[in-house]
1. If we keep just the residues of region 69-100 that are of a type in the set (A, V, I, L, M) and surrounded by fewer than 21 Cβ atoms within 10 Å (Cβ to Cβ), which is modelled with the highest pLDDT?
2. Of all the residues that make up region 43-73, how many are in contact (Cβ under 8 Å) with a residue 40 or more places away in the chain, assigned to a helix (DSSP H, G or I) and out of contact with any Leu (no Cβ under 8 Å at 6 or more places or on another chain)?
3. Going through region 216-254 one residue at a time, which ones are open to solvent by less than 70 Å² (accessible area, probe 1.4 Å), more than 22 Å from Arg52 (Cα to Cα) and part of a loop (DSSP other than H, G, I, E, B)?
4. Only one of these conditions is not met by Ser198: (1) among the hydroxyl-bearing types (Ser, Thr, Tyr); (2) open to solvent by less than 10 Å² (accessible area, probe 1.4 Å); (3) part of a loop (DSSP other than H, G, I, E, B). Which number is it?
5. Looking only at region 177-199, which residues are closer than 20 Å to Leu242 by Cα and hydrophobic (A, V, I, L, M, F, W, C)?
6. Checking Ala47 against (1) open to solvent by 30 Å² or more (accessible area, probe 1.4 Å); (2) more than 14 Å from Ala162 (Cα to Cα): exactly one of these is not met. Which one?
7. I need a count of the residues in region 255-271 that are out of contact with any Leu (no Cβ under 6 Å at 6 or more places or on another chain) and either surrounded by 24 or more Cβ atoms within 10 Å (Cβ to Cβ) or outside any loop (DSSP other than H, G, I, E, B) (or both).
Amino acid sequence: MPSYLPGSNAPDSERPIASCASIAHVARVCDYLLGGQDNFAVDREAAEQAMRLNPDIVPTVRANRAFGVRATGYLTGQAGIRQFLDIGTGMPTSSIHEAALSIAPQSRIVYVDHAPIVVAHARALVTSAPEGVTDYIEADLREPGKILAEAAQTLDFSRPVALMLIAILHLIPDRDDPYDLVSQLVNAVVPGSYLVISHAASDIDTGAMISMANRLNELTAQQAVPRTHREVAAFFAGLDLLEPGLVRVPQWRPGSVSESAVRAQMWGAVGRKR
């Protein structure tokens, strides 16, 4: 996940974690919204302002996390995937790691992120994983070459891989060509691999979402770019979308009717490479 401090080109992974307490970070804001404790006062204030502008941000963040777990469960349990490359991990608690290993203990998971506090959590997962292989890479989605080269030390790219881009692409502005970044990743995996994306929507509850995004862009180190259904669908060009296609995240293969009815302002889908 990109995490540069204003006026600096240096990644905050090279700074002490405490030095990041002066500006909110999306990963820590989401941690607070999910009820976590790995955040600073500046993150909590940003989250509170976001909730005032857009009360549905809390169910949205929770539905997004649940989507990632359901997608992982499907890929592991039904599609037979045993390798996951999770880019823009955020706080990796109760997500890809647990969902995959609970079904297939031999699974291999590589987390990718830039934020120091996220990397610290990833290190803890690496050292505590009872089975399988879990690793982490300190990198930005804008560095696909570095990510793929380092991930190849853990993952076998001659076999299918699930590319997990959960709530990360809306942090990549158009000037950085997010479509090309996704294309480079998809081109590097074999047929039978999968692409999982969730993305903030600019065409669901548009007023509240845009107002919140604009405010968070003033408060956080990252700049969010919500996109339309059609814009998000373009990330899956050339892939076969699994049913039910690109939908609001709680509507992707929900576990219950009540789960599918949750209000959420993110699009989500899973695509398979032919």
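The values are calculated or read from the model by the stated rules, or taken from the named source; none is laboratory data. This structure is a prediction, so every number in the text was calculated from the model and none was measured. We place every Cβ from the backbone using ideal geometry, glycine too, and count neighbours over all the protein chains shown. Each accessible area value is taken on the protein alone, full model and side chains, heavy atoms only, with ligands, DNA and RNA left out. Shrake-Rupley method; radii C 1.70, N 1.55, O 1.52, S 1.80 Å.
1. If we take residues in region 69-100 being of a type in the set (A, V, I, L, M) and surrounded by fewer than 21 Cβ atoms within 10 Å (Cβ to Cβ), then Ala79 is modelled with the highest pLDDT.
2. Going through region 43-73 one residue at a time, the tally reaches 11.
3. Within region 216-254, Thr228, Gly238, Leu242, Pro244, Gly245, Leu246, Trp252, Pro254 meet the criteria.
4. (3)
5. If the condition is that a residue be closer than 20 Å to Leu242 by Cα and hydrophobic (A, V, I, L, M, F, W, C), then Val182, Leu185, Val186, Val189, Val190, Leu195, Val196, Ile197 are the ones that fit.
6. (1) is the only condition that Ala47 fails.
7. Residues that pass the stated criteria total 8.
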